[in-house]
Amino acid sequence: MMLSLASVGSMYSFIYTEVGIHPNGMMANLVAPDPDIPQGVAGADWREIPGIWWNTVERISWTMLGKPSIIGCKLRPVE
């Protein structure tokens, strides 16, 4: 799980940030809908991009680390 986070997570964070900023761009047509793609940031100024990217990294990290699986983290919802 940690290996996939380090290798795939970094690539996805850049792609998802690009899709969030340019939702009608070419990359958006190639990426499947995902809740980790930033919403409401279309046309963001270049000064906002690092913060958007970091929030995307955090969302992807929590998704990958907390995803239920047979091996690895056994996080479950708090009741």
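Since every read-out is calculated from the coordinates, none of them should be taken as a lab result. Please read these numbers as outputs of a predicted model, since none were measured by experiment. Glycine gets a Cβ as well: all are built from the backbone with ideal geometry, and neighbour counts include every protein chain shown.
Applying the Karplus relation 6.51 cos²θ - 1.76 cosθ + 1.60 with θ = phi - 60° to segment 49-61 yields 3J(HN,Hα) values of 4, x, x, 5, 4, 5, 4, 5, 4, 5, 4, 5, 4 Hz, where x marks Gly and Pro.
A simple spin-label model places pseudo-atoms 7 Å from Cα toward Cβ; at GLU48 and VAL31 they are separated by 1.6 nm.
In sequence order, segment 29-35 has phi-based couplings of 6, 9, 9, 6, x, 8, x Hz under the Karplus curve 6.51 cos²θ - 1.76 cosθ + 1.60, θ = phi - 60°, and Gly or Pro positions carry x.
For ASN55, neighbours were defined as the other residues whose beta-carbon sits under 15 Å from its Cβ, and their charges (Lys and Arg +1, Asp and Glu -1) total -3. Panel values: segment 2-66, Kirkwood radius from alpha carbon pairs, Stokes-Einstein at 4 °C and 1.567 mPa s, translational diffusion coefficient 109 µm²/s.
Highest mean first, what order results for 15-21, 58-64, 41-47 on Cβ atoms within 10 Å?
Highest to lowest by the protection proxy: 15-21, 58-64, 41-47.
Backbone phi angles across segment 8-16, fed through the Karplus curve with coefficients 6.51, -1.76 and 1.60 (θ = phi - 60°), yield HN-Hα couplings of 8, x, 5, 5, 5, 4, 5, 5, 5 Hz in residue order; Gly and Pro are listed as x.
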